[in-house]
Amino acid sequence: MPSLNSVGDVVTLAQDARHGPLPLLLILLTLVTGLVDAVSYLELGHVFVANMTGNVVLLGFAAAGASEISAAVSLVAMGSFLFGALAGGRLGSSMGHRGRFLALSTYAQVSAVGAAFVVSLASFDVSGGITAYALAAFLAFAMGLQNATARRLGVPDLTTTVLTLTVTGLAADSRLAGGTHPNTGRRLAAIAAMFVGAFVGADLVFRVGVSAALALAVALLVLNAMAGYRWSSSTAAWTAAK
């Protein structure tokens with residue numbers, strides 16, 4: 001595991017004038033999104049724990065008779081996501097320091113995804129029964145918290161859990177559309193991070209197992225938490241609440 005100083009040095013190299021290291025840290029969280037949605041969609045009954053738009057659509061399919069979709073697990077994921085978003089909103093409303101807010105939020109995420117990892121280790125079959133509900137609840141809580149955190153931090157084009165507006169912005173703000181193509185690199189990085197996370201997560205699920213994908217997600221969150229800890233006492237201008 002990299003040392004706290006080495007993680008901080010990498011983050012420092014990716015500083016943003018207005019948002020400090022936040023863009024890089026949020027891109028790392030986008031990678032985590034791809035990992036956990038690979039786990040939930042492939043193993044928990046075609047359920048998303050980060051993409052609530054997808055869950056609403058899947059619930060519509062289930063209502064029309066699609067038998068391969070678990071409506072119950074989708075509802076658990078949506079409820080837990082809302083609870084996580086509520087927790088993130090409450091935490092953000094009480095924090096005046098963006099670095100400290102991200103650090104505390106990530107600590108909570110490590111706990112939730114870590115709990116999901118432990119549950120996956122304790123079960124031979126995660127695709128059904130109480131294990132599927134527990135994994136969906138822990139992971140969706142973590143993603144709701146993450147989404148609320150990204151929303152409160154307000155870094156443009158880095159919601160960390162959805163890409164619809166990001167992809168739209170690439171086209172709608174391009175020179176061909178008469179725009180100035182702002183944040184193109186950031187948008188492309190977010191898309192790439194989600195893709196890589198989903199690819200690696202699916203590959204690990206297929207070749208090793210759910211626990212391997214969740215272990216990687218926990219490791220990435222720990223890196224984020226370490227970087228957040230370093231910046232939690234910073235007095236740089238970007239740390240001021242928006």
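Tabulated values for the structure
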item: Residues (open to solvent by 40 Å² or more (accessible area, probe 1.4 Å) and touching a residue at least 60 places away in the same chain (Cβ under 8 Å)) located in segment 32-50; result: Leu42, Glu43
item: Number of the condition not met by Leu135 [criteria: (1) in contact with a helix residue (DSSP H, G or I) (Cβ under 8 Å, 6 or more places away or on another chain); (2) more than 19 Å from Thr30 (Cβ to Cβ); (3) open to solvent by 20 Å² or more (accessible area, probe 1.4 Å)]; result: (3)
item: Residue in segment 28-50 that is acidic (Asp, Glu) and touching a Leu at 6+ places or on another chain (Cβ under 9 Å) present; result: yes
item: Options Arg175, Arg152, Arg187; residue that is open to solvent by 30 Å² or more (accessible area, probe 1.4 Å) and without any contact (Cβ under 8 Å) to a residue 40 or more places away in the chain; result: Arg175
item: Answer from Ala241, Ala212, Ala192 - the residue that is free of Cβ contacts under 8 Å to residues at least 60 places away in the same chain and farther than 22 Å from Ala112 by Cβ; result: Ala192
item: Residues of segment 169-200 satisfying the condition of being of a type in the set (Val, Ile, Thr), at pLDDT below 90 and assigned to a helix (DSSP H, G or I); result: Thr184
item: Residues being over 23 Å from Ser105 (Cβ atoms) and part of a helix (DSSP H, G or I) - total across segment 201-224; result: 9
item: Members of segment 155-172 found to be within 24 Å of Phe141 (Cβ to Cβ), open to solvent by 70 Å² or more (accessible area, probe 1.4 Å) and either aliphatic (A, V, I, L, M) or over 20 Å from the mean Cα position of the chain (by Cα) (or both), listed by number; result: Leu165
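Listed here are the residues, each with its yes/no results for (1) open to solvent by 30 Å² or more (accessible area, probe 1.4 Å); (2) out of contact with any helix residue (DSSP H, G or I) (no Cβ under 6 Å at 6 or more places or on another chain); (3) in contact (Cβ under 8 Å) with a residue 40 or more places away in the chain; (4) not in a helix (DSSP H, G or I).
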residue: Val76; (1), (2), (3), (4): yes, no, yes, no
residue: Gly84; (1), (2), (3), (4): no, no, yes, no
residue: Ala87; (1), (2), (3), (4): yes, no, yes, no
residue: Arg100; (1), (2), (3), (4): yes, yes, yes, no
residue: Ser105; (1), (2), (3), (4): no, no, yes, no
residue: Ala112; (1), (2), (3), (4): no, no, no, no
residue: Val119; (1), (2), (3), (4): yes, no, no, no
residue: Asp125; (1), (2), (3), (4): yes, yes, no, yes
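The values are calculated or read from the model by the stated rules, or taken from the named source; none is laboratory data. Keep in mind that this is a model prediction, so the values were computed, not measured. FYI the Cβ positions are ideal-geometry reconstructions off the backbone, even for glycines, and counts take in every protein chain you see. To get the accessible areas, we keep the full protein, side chains included, count just its heavy atoms, and leave off ligands, DNA and RNA. Shrake-Rupley method; radii C 1.70, N 1.55, O 1.52, S 1.80 Å.
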